[in-house]
Each structure stands twice: as structure tokens, then as C-alpha cells.
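The values are calculated or read from the model by the stated rules, or taken from the named source; none is laboratory data. From a predicted model like this one, the values you see are computed outputs, not experimental measurements. Neighbour counts are summed over all protein chains in view; Cβ atoms, including those assigned to glycine, are modelled from backbone coordinates with ideal geometry.
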């Protein structure tokens, strides 16, 4: 995310344009901006939130120019504003408004595209702020989560715990923000979101499900493994998005534990280091029955399965069931 023009702390622009192709990320940024612009108790009288196709420029400007009542400023949010802006008559009206925005109103436009070579874009450089929202690269996601926990909930989140959350939930930033919102409520009163909070709220059912499936695979019970996998999908509708992460998390811990065991480390030391919260005896029983090469091969196959799901070649339930059957047959 980038801003074209900065404002000092506590100072707000009169016009904001939020530009991004991912509506969920743009929506999350809009919510964050509104929290800065207008208090919740002022929104009934001071906020107009509309879709571009449902409103005219006259309606928007009348609202912006109306003196605020029981609020410091009036805020008008126009979502899906691309067509609203691009219509010739609308554009000319907006260009004139950008030359002299009302001092008691704040206009927020949410668009998928904001070409820099238009007159409106050039005027915005003086009149307001452009916020461009792009989907973060994978290595940037943990830092985004750390910042969101801090800014939205005033809570600390370290990079290792952020990584655990990504392992269990996936890389979708909007979904991850939602999980942090839940965790903040779950950990109410704490200053830091910890791995124990994640395990208690998010991880237990998914990690335990993967644990049980792998247990059945090691025992050579393909029917038992498939049955447990199907129950994972039946019990948690979000498993379609999180199942690969749950298996990857468990298998990576098995791989790390096996390497340390082969080097002579004690089980308690390994469990503490890898933050294995429960079922320690069963976990190490699984690890002892597999070699480093076997666990590594499971991770490779899981990686191929993940790629097939993400590229739309198959669905998560079908792909994971095929993987479980292959592993149980080995």
C-alpha cells in the first residue's frame, strides 16, 4: 500500500481516493480510514456510505456542503466509483469540486483504476490523498499482520506467531485480518497475541484433524485416514482454505523434530522448542515411525497438491483425499 501525499498526525485530507483491484483489501483499508476520520457515535448523522451507481454528484456534493450535525465533519464514501467518476458530466463536476473542496466535508472515492494521466488525478495531488492498495507478496504478509494487530487492536504480535497464523489460515489477507479480530476478543485483557491463543481459538481442531489423519496414514489405514479427512471438511467449512496449511504445519514440525531427534536432542527440549502444546507422546510416536526422507517426501507431495488447488486444477477435498490415499498406500 502506498500514499501519494502525507499528512501530519491528526490532520486529515478533504479528499481520499482508495485505488485497488481487490475489493476486500480496499474495503479493509476503507474501514481503517473511517476509524480515523469519524467516531462510531457520529456516523448516524455524519456519514453517508453509498455505491456509485446509486448516487448522483449533486447528492454527494450537497451532503459534503451541508454543515455537520453532532459531528466534526461530514464524511461521504462512494464505493464502486469508477463509472461514477468516468461519466463526462460527473467528471466535470468533480474536477470543479477538486479545485475547491468543502472544508467541513471529507470525500472518499473507492475505485479499481485511477489513471495518473487524467485531469482529475493531477488535481488530486493538490486536493487530497491517493491510497493505492496492492496485494502483498508472501514475505510481506507477516509484517502486515503485525501492523494490523498494533493499529486495529493495540496488541503485539511477533513474526513467529504471525507465521503460525498464516500456516493455519492461509495467505488471504482479509481472512487473516478477520482471524486477528477474533483473536483480539479471545485474548481480551492481554497485551500480546500468542501462539497459545491461536492454538486455543483457531488451531486446535485443524491441527488435531491433521494429526489424526497422519496417525491413520502411518497405521496404513487408508479408510480411517479418508474418514477423518472427510470429517475435517464436514466439521469446518473453512477447511477448504486451511487444510493444506494445517497439514504443512504438522509435517514441518515432524520434520524438524525428526532432525533434532536424530541429533540426540531430548523430547522435552524439542517439544518446548517447537511449541508442541498437547499429545506430545503421540506426536513423537509418529515422528519415530517415519524417516526424515519420508517426511520430506510427504511435504513435497503436499506442495504439489497445494499448487494444483491454487491453480484451479482440482478442489481441496478431492486433491487432499487423493494425497491421503497415496500416502497411506506407501
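Summary table below
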quantity	calculated
Any chance residue 49 is surrounded by fewer than 21 Cβ atoms within 10 Å (Cβ to Cβ) and in a strand (DSSP E or B)	yes
Residue ranges of helices (runs of 4 or more DSSP H) in the stretch 146-200 with at least 2 members more than 17 Å from the chain's Cα centre (by Cα) and closer than 22 Å to residue 250 by Cβ	195-198
Evaluation of residue 166 against (1) farther than 17 Å from residue 143 by Cβ; (2) modelled with pLDDT of 80 or more (one fails), failing number	(1)
Check on residue 120, touching a strand residue (DSSP E or B) at 6+ places or on another chain (Cβ under 6 Å), modelled with pLDDT of 90 or more, surrounded by fewer than 21 Cβ atoms within 10 Å (Cβ to Cβ) and not in a loop (DSSP other than H, G, I, E, B)	no
Residue check for residue 234: more than 22 Å from the chain's Cα centre (by Cα) and surrounded by fewer than 19 Cβ atoms within 10 Å (Cβ to Cβ)	yes
Matching residues in the stretch 5-31 - criterion: being assigned to a helix (DSSP H, G or I) and either within 12 Å of residue 128 (Cβ to Cβ) or modelled with pLDDT under 85 (or both)	23, 24, 25, 28
Enumeration of residues in the stretch 64-77 that are surrounded by 19 or more Cβ atoms within 10 Å (Cβ to Cβ) and part of a helix (DSSP H, G or I)	64
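Residue-by-condition table, conditions (1) loosely packed, with under 12 Cβ neighbours inside 10 Å; (2) in the same structural domain as residue 81 (by TED's automatic domain parsing):
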position: 114; (1), (2): no, yes
position: 125; (1), (2): no, yes
position: 138; (1), (2): yes, no
position: 141; (1), (2): no, no
position: 144; (1), (2): no, no
position: 150; (1), (2): no, no
position: 153; (1), (2): no, no
